[in-house]
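K.L.:
To start, I am sharing the structure in question, which I have written as structure tokens.
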């Protein structure tokens, strides 16, 4: 028997999953352009055919967290998202959110695609907010206030620009240096827009047409007293019953919409806390994204109306995004 050569490469093994598509961050972002993604979300929510399991939150100690979400079509494909949230990552130059999204074949259960879940989550969250704004913000809304300086906050102006005629973006955050970095980044990417940072949050709210908050905040940072007629408010940062980005009084002043009823009343702290305090009830929710996209609710009905959209996160939205990305790789 001839001795084996230490440098000899083993023969490649046949893939257990032929045709499996692998989309890293860049490929995922390229496949999920905002105009196409917003349309895919609108079509998916309008049909309302998705089934999803309650999202699972698992504490992994020391502030670390894992999230699992599952959605499927009856007789169709299944989508599973597994995320980790490590709060120390930004200090190391890494995104707090890491993970994978797997799309499984509806007939065999074999994986058909694996996508970077951080990019998918970022883009579908921003696109979900933009889809809501398409129905709820005034048609002439041109000034967007972004609360937050993270990955999602930097994605929101591009998504909103796909549905409203943005001319100005204002950024507010708790850390001035992070605000300055975010403003510099956005100015480089969108030179046609006027982009500034804000120190006085109340004044910034008063000046804007739309405010979107991407803050995972344990206590409200927005006050209902600051809102003025005609504004649209978007809350997408907080995702636990113990968290809130605005006080309960805002729900009394605004026409309130949610991404999904099940997710909102399981995880949206703004709604849950206001209901407990007697400030709001489930029956006062005007509609969901399915109602808006499917034409079952007309959306904004008066120029002076204050509208508010709360998204807790939707496994269905993840599925629609992953399916769009997979179609893009096949074209």
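The values are calculated or read from the model by the stated rules, or taken from the named source; none is laboratory data. Computed from a prediction, not measured in an experiment: that's the story for all the values here. Here the Cβ positions follow ideal geometry from the backbone for every residue, glycine too, while neighbour counts run over all protein chains shown.
K.L.:
Residue 111: surrounded by fewer than 19 Cβ atoms within 10 Å (Cβ to Cβ), assigned by TED's automatic domain parsing to the domain that holds residue 69 and either within 22 Å of residue 212 (Cβ to Cβ) or in contact with a helix residue (DSSP H, G or I) (Cβ under 6 Å, 6 or more places away or on another chain) (or both), yes or no? Give the derivation first.
P.N.:
Values: surrounded by fewer than 19 Cβ atoms within 10 Å (Cβ to Cβ): yes; assigned by TED's automatic domain parsing to the domain that holds residue 69: yes; either within 22 Å of residue 212 (Cβ to Cβ) or in contact with a helix residue (DSSP H, G or I) (Cβ under 6 Å, 6 or more places away or on another chain) (or both): no.
It is false that residue 111 is surrounded by fewer than 19 Cβ atoms within 10 Å (Cβ to Cβ), assigned by TED's automatic domain parsing to the domain that holds residue 69 and either within 22 Å of residue 212 (Cβ to Cβ) or in contact with a helix residue (DSSP H, G or I) (Cβ under 6 Å, 6 or more places away or on another chain) (or both).
K.L.:
On to the next question. Answer yes or no as to whether residue 71 is within 22 Å of residue 114 (Cβ to Cβ), touching a strand residue (DSSP E or B) at 6+ places or on another chain (Cβ under 7 Å) and surrounded by fewer than 16 Cβ atoms within 10 Å (Cβ to Cβ). Even if it seems obvious, please write down each step before you answer.
P.N.:
Values: within 22 Å of residue 114 (Cβ to Cβ): yes; touching a strand residue (DSSP E or B) at 6+ places or on another chain (Cβ under 7 Å): yes; surrounded by fewer than 16 Cβ atoms within 10 Å (Cβ to Cβ): no.
No; evaluated as a whole, the condition is false for this residue.
K.L.:
For the range 237-245, state whether one or more residues are at pLDDT 95 or above, in the same structural domain as residue 301 (by TED's automatic domain parsing) and out of contact with any helix residue (DSSP H, G or I) (no Cβ under 6 Å at 6 or more places or on another chain).
P.N.:
Within the range 237-245, one or more residues are at pLDDT 95 or above, in the same structural domain as residue 301 (by TED's automatic domain parsing) and out of contact with any helix residue (DSSP H, G or I) (no Cβ under 6 Å at 6 or more places or on another chain).
K.L.:
Shifting gears a bit: Take the residues in the range 74-95 that are touching a strand residue (DSSP E or B) at 6+ places or on another chain (Cβ under 8 Å) and under 20 Å from residue 238 (Cα atoms), then tell me which one is surrounded by the most Cβ atoms within 10 Å (Cβ to Cβ).
P.N.:
Taking the range 74-95 first, the residues touching a strand residue (DSSP E or B) at 6+ places or on another chain (Cβ under 8 Å) are 74, 77-86, 89.
Then drop every residue that is not under 20 Å from residue 238 (Cα atoms), which leaves 81-86, 89.
Working: 81: 24, 82: 16, 83: 22, 84: 18, 85: 19, 86: 18, 89: 14.
Checking each candidate, the answer is 81.
K.L.:
Still on this model: Restricting the range 160-177 to residues that are in contact with a strand residue (DSSP E or B) (Cβ under 9 Å, 6 or more places away or on another chain) and part of a helix (DSSP H, G or I), which is farthest from residue 303 (Cα to Cα)?
P.N.:
First, pick out the residues of the range 160-177 that are in contact with a strand residue (DSSP E or B) (Cβ under 9 Å, 6 or more places away or on another chain): 160-161, 164, 166-173, 176.
Of the ones still in play, those that are also part of a helix (DSSP H, G or I) are 160-161, 176.
Working: 160: 19, 161: 20, 176: 34 Å.
So the residue we want is 176.
K.L.:
Right, another one. Got at least one residue in the range 267-282 being part of a loop (DSSP other than H, G, I, E, B), surrounded by 15 or more Cβ atoms within 10 Å (Cβ to Cβ) and in contact with a helix residue (DSSP H, G or I) (Cβ under 8 Å, 6 or more places away or on another chain)?
P.N.:
Kept after step one, since they are part of a loop (DSSP other than H, G, I, E, B), are these residues of the range 267-282: 268, 277-281.
Next, from what is left, pick out any that are surrounded by 15 or more Cβ atoms within 10 Å (Cβ to Cβ): 268, 279-280.
Among the residues that remain, those that are also in contact with a helix residue (DSSP H, G or I) (Cβ under 8 Å, 6 or more places away or on another chain) are: 279-280.
Yes, some residue in the range 267-282 is part of a loop (DSSP other than H, G, I, E, B), surrounded by 15 or more Cβ atoms within 10 Å (Cβ to Cβ) and in contact with a helix residue (DSSP H, G or I) (Cβ under 8 Å, 6 or more places away or on another chain).
K.L.:
Evaluate the following for residue 214: is it over 22 Å from residue 159 (Cα atoms), touching a residue at least 40 places away in the same chain (Cβ under 8 Å) and surrounded by 14 or more Cβ atoms within 10 Å (Cβ to Cβ)?
P.N.:
Details: over 22 Å from residue 159 (Cα atoms): no; touching a residue at least 40 places away in the same chain (Cβ under 8 Å): yes; surrounded by 14 or more Cβ atoms within 10 Å (Cβ to Cβ): yes.
Criteria not met by residue 214.
K.L.:
Within the range 178-191, which residues are in a helix (DSSP H, G or I) and out of contact with any strand residue (DSSP E or B) (no Cβ under 7 Å at 6 or more places or on another chain)?
P.N.:
Just the residues of the range 178-191 that are in a helix (DSSP H, G or I), to begin with: 178-189.
Those that are in a helix (DSSP H, G or I) and out of contact with any strand residue (DSSP E or B) (no Cβ under 7 Å at 6 or more places or on another chain): 178, 181, 184, 185, 188, 189.
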